[in-house]
Amino acid sequence: MKVNYKMWTILKFDKNNINFLKKELKDKLGNNVKFYLPKIKIKKFIKNKIFFKEISLLGDYLFFFHEDLAKKNVIESLKYCKGLKYFLSEFLSSQNEINQFIQKCKTNENDKGYLMPTFFEFNKNCNYQFLSGPFSNFVLENLNEKKLSISGMIGNFKIIASKKKNIFRAV
């Protein structure tokens with residue numbers, strides 16, 4: 001039985017020219033193109049003030065959808081679009097993984113399109129750095145995970161933090 005996947009590719013883009021790239025891809029392929037860029041919103045405390053920052057989960061990589069991407073001549077015709085650095089190769093054989101990742105991202109988005117902390121998985125053998133909240137940039141060691149919280153040590157202090165209100169990354 002043949003499985004019909006949506007045809008996604010991953011491209012690396014120039015952050016200063018993302019809007020030019022999107023416009024040029026739409027001009028060349030029509031309006032039936034889709035872009036997906038998973039992002040998180042973090043809260044930083046700087047000098048007793050709260051700042052919000054939007055961060056792309058994939059840096060300067062973007063998911064790009066069009067039905068004709070399986071045709072080699074389509075990719076060749078798009079190689080020199082302004083703002084495009086390159087397409088990742090072997091995307092045709094990775095459609096299942098790409099679709100699963102996009103589905104996981106969309107399942108864990110809030111109503112504003114930002115990934116929620118539930119997207120991230122924890123590994124007991126890793127240390128984690130807070131990306132948001134009052135402990136921003138501190139590293140949490142000796143991790144213990146519970147359903148709604150994680151606990152560990154920051155220096156000599158034991159910390160318990162909500163998994164719903166904080167964003168972490170493995171270090």
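For residues that are buried (at least 17 other Cβ atoms within 10 Å of the Cβ) and in contact with a Pro (Cβ under 7 Å, 6 or more places away or on another chain), tally how many sit in the range 113-164.
So the count comes out to 2.
Show the residue pairs that are 6+ apart or on different chains and have beta-carbon atoms under 8 Å apart, the first residue being within the range 66-77 and in a loop (DSSP other than H, G, I, E, B), the second being basic (K, R).
Pairs found: H66/K34.
List pairs: first in the range 15-37 and at positive phi, second open to solvent by less than 100 Å² (accessible area, probe 1.4 Å) and assigned to a loop (DSSP other than H, G, I, E, B), Cβ under 9 Å, 6+ apart or cross-chain?
G30/H66
I'm trying to understand the selection: among the residues of the range 88-110, which are open to solvent by 60 Å² or more (accessible area, probe 1.4 Å) and touching a helix residue (DSSP H, G or I) at 6+ places or on another chain (Cβ under 8 Å)?
Matches in the range 88-110: K104 only.
Sort through K85, K71, K47, K34 and tell me the only one that's touching a Lys or Arg at 6+ places or on another chain (Cβ under 6 Å), among the charged types (D, E, K, R) and open to solvent by 70 Å² or more (accessible area, probe 1.4 Å).
Answer to the selection: K85.
Looking at the range 88-100, is at least one residue assigned to a strand (DSSP E or B), under 19 Å from F63 (Cα atoms) and either among the charged types (D, E, K, R) or in contact with a Leu (Cβ under 7 Å, 6 or more places away or on another chain) (or both)?
No, because not a single residue in the range 88-100 is assigned to a strand (DSSP E or B), under 19 Å from F63 (Cα atoms) and either among the charged types (D, E, K, R) or in contact with a Leu (Cβ under 7 Å, 6 or more places away or on another chain) (or both).
The values are calculated or read from the model by the stated rules, or taken from the named source; none is laboratory data. Treat the numbers as computed from the prediction; the structure is a model and nothing was measured. We place every Cβ from the backbone using ideal geometry, glycine too, and count neighbours over all the protein chains shown. Ligands, DNA and RNA are excluded from the accessible area calculation, which covers all protein heavy atoms including side chains. Shrake-Rupley method; radii C 1.70, N 1.55, O 1.52, S 1.80 Å.
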